[in-house]
Amino acid sequence: SRAAAPQGPPVYVDLAYLPGSWSARTVDEEFFRRVRSLCYVVSGDDHLKEGVLRALLDALLAGKHHWGSDIQVTLIPTFDSLVMHEWYQETHERQQELGITVLGSNSTVAMQDETFPACKVEF
């Protein structure tokens, strides 16, 4: 069980990376109530994150509900996931109500002998 953190005002940031692997289990509704970011990066294409990804995404919706709708949020997944696709389809209307945009990328960057998907985020 986790000890209750002391109450305080939320923290506002431009960009927040959501933890991967076992640490992803610590990201819950309370996290999103307290850490308010313009952009959240969901990285870590691994089997451990897949197991908690739906709970993490649902926590974003629940936590963002407490912000009000005046702050737009961009969710940036760095990997393709069936769980992410299902969540996007099932909650798309709710995402729009809360001002959440899920960023997809059709751009590819080539560096040296490697190519990979990419997106550009501006503040």
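From the phi angles alone, apply the Karplus equation (6.51, -1.76, 1.60; θ = phi - 60°) to the stretch 9-19 and give each ³J(HN,Hα) in whole Hz, x where the residue is Gly or Pro.
For the stretch 9-19, the Karplus-derived couplings read x, x, 9, 10, 9, 7, 9, 9, 8, 7, x Hz, x marking Gly and Pro.
If amide H atoms are built 1.01 Å from N in the plane of the peptide, which residues on other chains or at least 5 residues away come under 5 Å of the amide H of residue 39?
15, 16, 74
Only bridges with both residues in the stretch 11-117 count here: give the DSSP antiparallel percent, nearest 5.
On the way: 4 of 18 bridges.
For the stretch 11-117, the DSSP antiparallel bridge percentage is about 20.
Express the relative contact order of the stretch 11-117 as a whole percentage, based on alpha carbon pairs under 8 Å and six or more residues apart in sequence.
Details: 153 pairs, mean separation 27.0, N = 107.
Result for the stretch 11-117 is 25 percent.
Read-outs: derived from the displayed coordinates by stated rules, not from any lab. A quick note: this is a predicted structure, and the numbers were derived from the prediction, not measured.
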